[in-house]
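Accompanying notes for the structure given below.
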Amino acid sequence: MEKEAVEQYLSGNWESILTGSVGGALIALGVMFALLVFLAIYIYSALAWLTIARKLKYKYPWLAWIPIVNCVLILQLGGFHWAWIFLILVPILGWIPLFVICIIATWRIFEKRKYPGWFSLSMIVPKVGGILYLIAIGFVAWKDKKKR
């Protein structure tokens, strides 16, 4: 293997050298960056939902840190029974109604915190919906509305 690399280097076959080592390094760097971004978004949303649950005096706010179970937190804060989470076990036909129920639950939660419920519709906006949703839960979690 090393002998091949040396021969390619000496013969000036740069294309195969670059696609082998630099390409692999760029892919690894991209994967690491994507993982860091995913982790940062997960921590941000978990902290936001933890804060919202505490402000609504939910008994188990730490559920915000557990993947999938954090949906149970959202369902219960929104007034739904926790068992709706089992729809996640039914591919596509269960995911769609669960998504709709989560939007309704989020709408109710936002209204409990005195914010417009339509902020929850940010989830369904194409392309920028995820960013809008993160901004919305940030406002609901950390910005308290002044009483009039």
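The values are calculated or read from the model by the stated rules, or taken from the named source; none is laboratory data. Quantities reported herein were computed from a predicted structural model and do not represent experimental measurements. Ideal geometry is used to build each Cβ from the backbone, glycine not excepted, and the neighbour counts take in all protein chains shown.
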Residues (more than 19 Å from Gln76 (Cα to Cα), surrounded by 12 or more Cβ atoms within 10 Å (Cβ to Cβ) and β-branched (Val, Ile, Thr)) located in region 125-148: Val125, Ile131, Ile135
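Listed here are the residues, each with its yes/no results for (1) farther than 23 Å from Lys112 by Cα; (2) surrounded by 13 or more Cβ atoms within 10 Å (Cβ to Cβ); (3) modelled with pLDDT of 95 or more; (4) of a type in the set (Ser, Thr, Tyr).
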| position | (1), (2), (3), (4) |
| --- | --- |
| Ser21 | yes, no, no, yes |
| Ile27 | yes, no, no, no |
| Val31 | yes, no, no, no |
| Leu35 | yes, no, yes, no |
| Leu39 | yes, no, yes, no |
| Arg54 | no, yes, yes, no |
| Trp62 | no, yes, yes, no |
| Trp65 | no, yes, yes, no |
| Cys71 | no, yes, yes, no |
Of the criteria (1) surrounded by 13 or more Cβ atoms within 10 Å (Cβ to Cβ); (2) under 18 Å from Tyr44 (Cβ atoms); (3) at pLDDT 95 or above, which one Leu98 fails: (2)
Single condition Gly94 does not satisfy, out of (1) closer than 20 Å to Ile124 by Cβ; (2) under 18 Å from the mean Cα position of the chain (by Cα): (2)
Qualifying residue in region 31-40 (condition: in contact with a helix residue (DSSP H, G or I) (Cβ under 9 Å, 6 or more places away or on another chain) and either assigned to a helix (DSSP H, G or I) or of a type in the set (Lys, Arg) (or both)): no
